[in-house]
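Below you'll find the structure, written out as structure tokens, and then a few comments.
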Amino acid sequence: MSVLDNWEQWKHFLGDKLEHGQHEGMDQKTVSEVAYQVGEYLSEEVTPKNEQEKVLADLWHVATEEEQHAIANMMVKLVQQR
């Protein structure tokens with residue numbers, strides 16, 4: 001089972017990676033840019049595996065670049081609250 005198959009596992013996985021990056025000294029601006037790059041990669045290369053990912057993919061595809069950055073920042077906030 002891939003972490004992409006289950007929303008809670010996916011959030012936990014992202015949260016762990018975020019925590020590791022921050023522990024290694026990544027500042028908030030870098031975290032934000034990496035989150036945007038991950039979102040861009042996922043939208044281009046990965047087929048959504050669950051309903052939540054499908055909604056995010058749909059939103060990402062209709063969003064402007066500024067809105068995509070906002071989506072990425074909201075995902076960062078979401079996984080920080082776990």
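The values are calculated or read from the model by the stated rules, or taken from the named source; none is laboratory data. Since the model is a prediction, treat every value here as computed from it, not as a measurement. Note: ideal-geometry Cβ built from the backbone for every residue, glycine included; neighbour counts use all protein chains shown. Calculation scope for accessible area: heavy atoms of the full protein, side chains included, ligands and nucleic acids excluded. Shrake-Rupley method; radii C 1.70, N 1.55, O 1.52, S 1.80 Å.
Listing for the model above:
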{"item": "Carbon/sulfur fraction of accessible area - the chain, other protein chains in place, 1.4 Å, %", "result": "53"}
{"item": "Cross-link reach list, lysines versus K54, counting only Cα pairs under 17 Å and skipping chain neighbours closer than eight places", "result": "K11"}
{"item": "18 Å cut-off, amide nitrogen to a point 7 angstrom out along T47 Cα→Cβ, residues in region 7-28", "result": "7"}
{"item": "Computed over the chain, Kirkwood Rh from alpha-carbon pairs, angstrom", "result": "13.0"}
{"item": "Around Q37: net Lys/Arg minus Asp/Glu count, Cβ-Cβ under 15 Å", "result": "-3"}
